[in-house]
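Structure first, commentary second.
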């Protein structure tokens with residue numbers, strides 16, 4: 001049996017399954033014996049007591065990012081595994097210093 005025959009039979013089977021579902025009476029999907037749980041309470045919008053109030057979220061993470069200057073164009077970029085991140089020199093042209101050691 002060729003691949004085309006297999007695909008044709010698969011489509012025919014899917015079509016038959018769809019027709020059977022349309023002919024079958026609509027039933028409630030949810031089981032009637034399933035317990036109904038109340039909605040979860042809304043989380044409180046109060047900051048924990050030990051969290052600093054004036055520090056925005058993610059401030060600590062952004063301070064830990066190492067930066068280095070590109071050896072070709074001199075742009076200051078973030079370092080990834082000790083290499084300068086990818087960046088473009090112009091419109092769609094990658095800088096030759098991308099993914100190289102910083103200057």
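Here are a few things to note about the model shown:
- Difference of contour (0.36 nm per residue) and Cα-Cα distance, residue 6 to residue 22: 3.3 nm
- Virtual spin-label span in nm between residue 80 and residue 15, 7 Å along Cα→Cβ: 4.8
Each reported figure results from applying straightforward, stated rules to the coordinates on display, with no laboratory input. Bear in mind the structure is a predicted one, so any value in this text is a computation, not a measurement. Positions of Cβ are generated from backbone atoms using ideal geometry, with glycine treated the same way; all protein chains shown enter the neighbour counts.
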